[in-house]
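The values are calculated or read from the model by the stated rules, or taken from the named source; none is laboratory data. What you see is a predicted model, and the numbers here were worked out from it, not measured in a lab. Neighbour counts run over all protein chains shown; Cβ positions are idealised from the backbone, glycine included.
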Ligand code: AHR
């Protein structure tokens, strides 16, 4: 019988086998408890889904997040949802597929997140909510929520008006420019403002409609308000940009903003602060967009498996015309 001759494995075969073994090991690491692939060098990958670019606030928030990620050495995968929930859901699913280490997002609207958040949880990828929250009953679907108290912002705006109109003897007609329908800041600012003005029965909201947080939306809806309501005393706009758009409509209608119509907004971005200092706005409740550094800190902590507070509230203030004049020269955004 002819004997089979055996050959020792060549160097090439050994190299191929070693590479295959290494690849299996890396894939196994990628499926670890933190869920992410993580860089070989320990770099954390963060998938971030942003609402869009609807306002000055949003632009400042995006800059803060991008700069803070670079500063913290975090690999940021940034997605702009263009104000559409379906785009955000798609982006989150892509992040899950890419096995990022952490997902953070600012939800366009409050409802409808349970399914995709469950998918992230099943993939063992921690989720951080930033700026806006969701109304999910299951709080285990995300690690923490970093952002403002929007109800408080609405309440502060309303309380200032109650104070200003304390000696009013007749009706004070208010029009309200709401933010994006279904979004947390629109829902909450409306609620906080309504609660505060209930203290004076003379204060009445005569019209309330969404301007989608944009200047164009604010202008267009204010034009309609002015046509439909012969007596408007106050405008409460859920953000500076809509207030700035409304200024154009008010001026075009021959009225003097800040005098004929009292204007109250939220945010305190530079353009809004300028309008306040110029006497065209009357009061702003601040909403800070500078969330980047705190967010990156949380990303590192949740990736390391450290526990973090369930809610981290942004510290904010309010501005009158005089205070805006003082603060403007040092305003960063
Ligand atoms: O979620 C924060 C809000 O979104 C800001 O107040 C507004 O300007 C932005 O569009």
- When region 42-64 is checked residue by residue, the ones that are touching a residue at least 40 places away in the same chain (Cβ under 8 Å), under 12 Å from residue 106 (Cα atoms) and either under 11 Å from the mean Cα position of the chain (by Cα) or more than 16 Å from the ligand (Cβ to nearest atom) (or both) are 47, 49, 50, 51, 52, 58, 61
- Within region 50-78, how many residues are buried (at least 22 other Cβ atoms within 10 Å of the Cβ) and farther than 14 Å from residue 299 by Cα? 7
- Task: Scan region 250-271 residue by residue and report those that are under 18 Å from residue 206 (Cα atoms) and either within 16 Å of the ligand (Cβ to nearest atom) or out of contact with any strand residue (DSSP E or B) (no Cβ under 9 Å at 6 or more places or on another chain) (or both).
- Result: 260, 263, 264, 265
- Item | For residue 244: the one exception among (1) in a helix (DSSP H, G or I); (2) touching a strand residue (DSSP E or B) at 6+ places or on another chain (Cβ under 8 Å); (3) within 16 Å of the ligand (Cβ to nearest atom) | (2)
- Task: Those residues that are under 20 Å from residue 193 (Cβ atoms) and at pLDDT below 95, I need them from region 218-254; list them, please.
- Result: none
- Note on the structure: Picking from 129, 76, 46, 117, the residue that is closer than 30 Å to residue 218 by Cα, in contact with a strand residue (DSSP E or B) (Cβ under 7 Å, 6 or more places away or on another chain) and modelled with pLDDT of 95 or more would be 129
- Task: Select from region 139-158 the residues that are without any contact (Cβ under 8 Å) to a residue 40 or more places away in the chain and surrounded by fewer than 20 Cβ atoms within 10 Å (Cβ to Cβ) and write down the one among them that is nearest to the chain's Cα centre (by Cα).
- Result: 141
- Item | Residue match in region 117-133 (condition: within 26 Å of residue 212 (Cα to Cα), crowded, with 18+ Cβ neighbours inside 10 Å, away from the ligand (no atom under 16 Å from the Cβ) and more than 15 Å from the chain's Cα centre (by Cα)) | yes
